[in-house]
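Working notes, beginning with the structure itself.
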Amino acid sequence: MIYTVTLNPAVDYVVALDTLKLGAINRSSSEAVVFGGKGINVSLMLRALETPNIALGFIAGFTGDAIRDGLEAQGVHTDFVALDKGFTRINVKLHAGEETEINGNGPEIPAEKLEYFVDKLRALSDADTLVLSGSVPSSLPADIYARIARIAAEKGARLVVDAAGTLLLSTLPYKPYLIKPNRQELSELFGEPADTDEAVLALVKRLQAQGAHHVLVSMAGDGALLCTQDGAVYRISAAEGTVVNSVGAGDSMVGGFLAALEKTGDFAAALALGAAAGGATAFSVGIAGFQHVMAIYENLKTEVKRIG
């Protein structure tokens, strides 16, 4: 089974405006409510691609109930830990020529609820995949990613990590199966440019030397690059289309990649479906559906090139 972890989920309120004037009353041209959080986005894409998964994490209050009920209604199984106080955060996404985000604070997570969540992870086995992604609420310990990674390693589960900075680095000693930095995150990790394939590959090799098995690097309009544990390097160009909303595109890439890998075990197919899923979501409001992803996949599946 594939499990996704969202420690700090959100209800995303996506508002489109012709123009945004500060200090004045503005009228929206369209609105949408999207259930957010990187792990939740992965779960939604996996479900869209008919891949069973279970969403884990913390929810609270009326917004938490909305996320749980909304995901279940879309066919995503959930096993969230419900908090007794507060409410799951609301993020406001404003689209008025450019994207502006106002992200809320998550509820406080008490120590006993954290331990209850950790106990759930101890049921993992070597037949499972655990996707760990997104931000960490301030009430959780700074080493929570490393703690979760250690449990996954002890249980033999395949660990997939999509996080930035020290969160990502803290999991490397536990040899994650797959990590997915974007190009900017990769550059920031080492304080070096990642503006060419050669530069990206050099930094990827350093991550693999620290413990990562496979590294998938998303590069927005420049496509994506995958370096496997055995040294194979695959490259794909980006899908063509009009970007509507970049939120969730990287998470959709992870979902598409894992869906294909689960079914085929083929890295080239996984890269193609991952790129298609990421592109389809970038061209949509919310996580893209099956038909949209597969239409793009048909155009991309022959575009994967092995360059190393």
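Read the figures in this text as sums done on the coordinates, not as results from a lab. No experiment lies behind these values; they were computed from the predicted model shown. Cβ atoms come from the backbone with ideal geometry, glycine included; neighbour counts cover every protein chain shown.
Using θ = phi - 60° and the Karplus relation 6.51 cos²θ - 1.76 cosθ + 1.60, list the HN-Hα couplings for segment 148-160 in order, rounded to whole Hz, with x at every Gly or Pro.
5, 4, 5, 5, 4, 5, 4, 8, x, 6, 6, 9, 10
So for the chain: antiparallel DSSP bridges make up what percent, rounded to the nearest 5?
Details: 22 of 53 bridges.
Antiparallel bridges: around 40 percent, rounded to the nearest 5.
For Val131, what residues show an amide H to amide H distance below 5 Å, using hydrogens built from the backbone and excluding near sequence neighbours?
Counting only residues 5 or more places away or on other chains, the set is Tyr3, Thr4, Val5, Val160.
Quick check: Cα centre of segment 134-193 to Cα centre of segment 41-103, how many Å?
Rounded to whole Å, the Cα centres lie 21 Å apart.
Report the one residue of Leu94, Val5, Gly39 whose Cα lies farthest in the direction of the positive end of the charge dipole of segment 1-105 (charges on C-beta: Lys and Arg +1, Asp and Glu -1; origin at the Cα centre).
Most positive-ward Cα: Leu94.
As an exercise, use a Förster radius of 41 Å and the Cβ-Cβ distance of Asp119 and Ala209 to find the FRET efficiency, rounded to the nearest 0.05. Please list the in-between numbers first.
Working: r = 34 Å, r/R0 = 0.82.
Plugging the Cβ-Cβ distance into 1/(1 + (r/R0)^6) gives 0.75.
Starting at the first residue of segment 266-281, write each ³J(HN,Hα) from the Karplus equation 6.51 cos²θ - 1.76 cosθ + 1.60 with θ = phi - 60°, in whole Hz, x for Gly and Pro.
Once rounded to whole Hz, the list reads 9, 5, 5, 5, 5, 5, 5, 5, x, 5, 5, 5, x, x, 4, 5.
Convert each backbone phi in segment 104-110 into a coupling constant with the Karplus relation 6.51 cos²θ - 1.76 cosθ + 1.60 (shift: θ = phi - 60°), then list the ³J(HN,Hα) values in order as whole Hz, x for Gly and Pro.
x, 8, x, x, 6, 10, x
Given the DSSP H assignment, sum -39500 (n - 2.57) over each helix run of at least 4 residues in the chain and divide by its residue total; what's the result at 222 nm in deg cm²/dmol, nearest 500?
Values: 10 runs with 118 residues, N = 308.
The per-residue figure over the chain is -12000 deg cm²/dmol.
How much length is gained if the chain between Ala16 and Asp84 is pulled fully straight, taking 0.36 nm per residue apart and subtracting their Cα-Cα distance, in nm to one decimal?
Working: separation 68, 0.36 × 68 = 24.48 nm, distance 3.37 nm.
That works out to 21.1 nm of additional length.
Between Ala199 and Glu262, what is the label-to-label distance in nm when each label sits 7 Å out along the Cα-to-Cβ direction?
So the two model labels end up 3.6 nm from each other.
What's the extension gain from Ser30 to Ala66 if we count 0.36 nm per residue and subtract their Cα-Cα distance? Mind dumping the intermediate values first?
On the way: separation 36, 0.36 × 36 = 12.96 nm, distance 2.07 nm.
Roughly 10.9 nm would be gained on extension.
What does the net charge come to around Val92 if you take all other residues with beta carbon closer than 12 Å to its beta carbon, with K and R at +1 and D and E at -1? Could you put the intermediate results ahead of the total?
Details: positive: Arg89, Lys93; negative: Asp12, Glu31, Glu99, Glu101.
For residues surrounding Val92, the net value is -2.
At 7 Å along the Cα-to-beta-carbon direction for both Val92 and Gln74, put a label point, then send me their distance in nm to one decimal.
Going from the Val92 label point to the Gln74 one covers 2.3 nm.
Let me know the longest stretch in the chain that avoids all trypsin sites (Lys or Arg not before Pro) found in a DSSP loop with at most 15 other C-beta atoms within 10 Å. Before the final figure, lay out each step's value.
Details: sites that count: Lys21, Arg27, Lys85, Arg122.
The segment 123-308 is the longest one with no such site.
Using a simple spin-label model with points 7 Å from Cα along the Cα→Cβ vector, what separation in nm is obtained for Asn103 and Thr302?
4.1 nm
Taking the DSSP beta bridges in segment 1-141 as the whole, what percent of them are antiparallel, to the nearest 5? Working shown, then result.
Numbers: 12 of 33 bridges.
About 35 percent, rounded to the nearest 5.
Taking a threshold of 18 Å on the Cα-Cα distance, which of the pairs Lys93/Lys180; Lys175/Lys301; Lys85/Lys113; Lys93/Lys113 fall above it? All intermediate terms of the calculation are to be shown ahead of the outcome.
Working: Lys93/Lys180 24 Å; Lys175/Lys301 29 Å; Lys85/Lys113 11 Å; Lys93/Lys113 30 Å.
In this structure, Lys93/Lys180; Lys175/Lys301; Lys93/Lys113 lie more than 18 Å apart at Cα.
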